[in-house]
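The values are calculated or read from the model by the stated rules, or taken from the named source; none is laboratory data. No experiment lies behind these values; they were computed from the predicted model shown. Glycine gets a Cβ as well: all are built from the backbone with ideal geometry, and neighbour counts include every protein chain shown. Protein only, heavy atoms only, side chains kept; ligands, DNA and RNA dropped before computing areas. Shrake-Rupley method; radii C 1.70, N 1.55, O 1.52, S 1.80 Å.
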Amino acid sequence: MARNKLVYNRSDEIGVVLFGTKETSNELAKELGGYKHVVVARDIKVVDEETTNALQNLPRGTSPGKQRMCLVTDAQHPLRDPPQGTKKDQVDTIADQMKRHEIKMDCIIFRESGVRHNAVMDENDQLLYHFRERSVTKVVQVDSPTSLLGALRTRNVLPVTVFRGDLEVWVYKKTSEEKFPTLKKYSDKAPASDKFASHEVKVDYEYKSVLEPDTVVPPDQRIKGYLYGPQVVPISSAEWEAVKFKPEKVLRPDVSNGDTVHLFYFNRHYFMKDVFSFVPEPGNTKAVAAVSALARAMSEMNKVAILRCVWRQGQGNVALGVLTPNISSAKNVLDSFYFNILPFAEDIREFQFRSFSSLPSSSQPTKEQQEAADNLVKMLDLAPHGREEILKPDFTPNPMLERFYRYLDLKSKQPDANVPPLDKCLKKITEPDPDVIDYQAPLIKKLGNVFELKENPKKKKARTQDRLTYTGADDQAKLLEEPSAEKVGVSEALYPPKKKAGEIGDHNPVQDFEAMLTQRSSSTWVQTAIEEMQKYITALIQDSCDRDNHQKALECLVALRKACIIEQEPNEYNGFVTKLCQKFRPAGDAKFLQLLSSKNASLISKEEAPDR
């Protein structure tokens, strides 16, 4: 906490108070008496290296305190009864004083798993949660040192609204990626005696013409250019401003057939960027009631809303997203909404992968192998039976950032220090949980026994496996036995180089088609290859004289059928064959159509392609 404040909040003031110590050292004990076993280790003052030193060797059972107090306790020991009133009344008195002085407290209850609850612990928990009900304390429970490290909020982020306006709601960022602090260039050229030197490094750029390298081009003679094919298109700043989309500040539903849609229409993997929180306007009771009523109605109907959001006037883009109700279970927390940004068509990446069932039977797993793989997936559970969830997002710090802060602190004290080994708490985040691995050791061992590992020889071309997929097992064995396969690689033996890629020639159209499928130079390459083969087959039948091209057309059709099954495009093949029947049956080529079933070129069934 102190290390991060040295980076981000260097003007904050921190004091260190130790509770439960053998000694007693505090002003109240001297003036009023009492307050025993409380030591003020450091008075409140601006954070510095002495603060970190004071926190390095805290005695066990103590906790640091400050204006935003942080209480770390196991809450397992009984509290002394007050002279007057009850313990709950005493909590109310303390909470009122905290509110008056604008003091907040973070309470972290640390209890390892397996600790049995008793009446004393339950009473202490109720008192701590009563602090939370009075809106002065945030209470969390952790069961491991790693969770304790994450529960310590080392940096306070001020709540800044992203949007205020329509629907009487305020919008905040719920999540935002925490990045490394900005590193600045440092100059050591200033004299050592100059105490006011900023050591700042300034960078200036000069633009010069290619035709006149010695001439500096002034800003009014420079213009940005954008690559468009082989040419560069110049666009001035005025033109670019005119092109920019400048919508008005707005927050409204954006569904043509209604304001809400069912939740199951959205896949979680479509959510993008940060998450926003929509809360009712503070102090507006009507807004609180309206937001709560809308959120609860949407939750009961299992619906979400689609919103079009422009956070500020003149914003260069529009956020289109899904608004999900968040029903609160705490008395002092209002109902709200979460907003996730949805992708546009240009943001979605669609990749085509072959179905696992399309591989030959020799490459498919046995029943025992499939069962072992299923058990492996089931054991990869962050919430195993009988244990708390591991690596909860709220209590798991970023190991890279935490390691950076620790090394930065070490480097400030010892400039020549080497990078220390990874801390044990951080290892539990970056490495598998040893308890889970040991418990599931039989499953892991069984997985290794049922799968035989073989060395995978290096191949000269990356897509050889795709090319082997379109070749029968007998053809593969023959090609691998040929000497040319050892010399030039399996891929070159399967598909000799052609003059121009992307074309289906008359010499070997099937191999040309398979080569096009394996190139995959773009997301539409498979579709292009299928269309080219369809055109080639149609041309063969049309140009056939005395049915001399029928055999070649059938071979191409069989190859097309196999490829459409592997690439999960059965509709492309079935539609094409249907069009062939409609086109050539009246023309007298019915004999060619009769050969389709005999050459395994009939329509693709649902059993062959379940996604049909």
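Of note:
- Number of the condition not met by Ser522 [criteria: (1) modelled with pLDDT of 80 or more; (2) within 25 Å of Leu359 (Cβ to Cβ)]: (1)
- Within segment 295-327, the set of residues being hydroxyl-bearing (Ser, Thr, Tyr) and under 25 Å from the mean Cα position of the chain (by Cα) comprises Thr324 only.
- Selection from segment 29-56 of residues that are assigned to a helix (DSSP H, G or I), of a type in the set (Gly, Ala, Ser) and at pLDDT 75 or above: Ala29
- Breaking point among (1) farther than 22 Å from Leu447 by Cα; (2) over 23 Å from the mean Cα position of the chain (by Cα); (3) surrounded by 15 or more Cβ atoms within 10 Å (Cβ to Cβ); (4) of a type in the set (A, V, I, L, M, F, W, C), for Ala372: (1)
- Those residues of segment 306-327 which are open to solvent by 10 Å² or more (accessible area, probe 1.4 Å) and at pLDDT 90 or above, in sequence order: Leu323, Thr324, Pro325, Asn326, Ile327
- Count of residues meeting criterion [within 39 Å of the chain's Cα centre (by Cα), under 15 Å from Asn124 (Cα atoms) and not acidic (Asp, Glu)] in segment 66-99: 5
- Scanning segment 402-423 for residues that are within 14 Å of Phe180 (Cβ to Cβ), of a type outside the set (Lys, Arg) and touching a helix residue (DSSP H, G or I) at 6+ places or on another chain (Cβ under 9 Å) gives Glu402, Tyr405, Leu408.
- Residue check for Pro442: without any contact (Cβ under 8 Å) to a residue 24 or more places away in the chain, open to solvent by 80 Å² or more (accessible area, probe 1.4 Å) and farther than 24 Å from Pro145 by Cβ: yes
- Residues that are among the β-branched types (Val, Ile, Thr), open to solvent by less than 30 Å² (accessible area, probe 1.4 Å) and assigned to a helix (DSSP H, G or I) do occur in segment 282-291.
- Residue pairs meeting the criteria (Cβ under 9 Å; at least 6 apart or on separate chains; first in the same structural domain as Phe339 (by the TED database) and closer than 13 Å to Val322 by Cβ, in segment 266-277; second open to solvent by less than 50 Å² (accessible area, probe 1.4 Å) and of a type in the set (Gly, Ala, Ser)): Phe271/Gly321; Met272/Gly321; Lys273/Ala319; Phe276/Ala319; Phe276/Gly321
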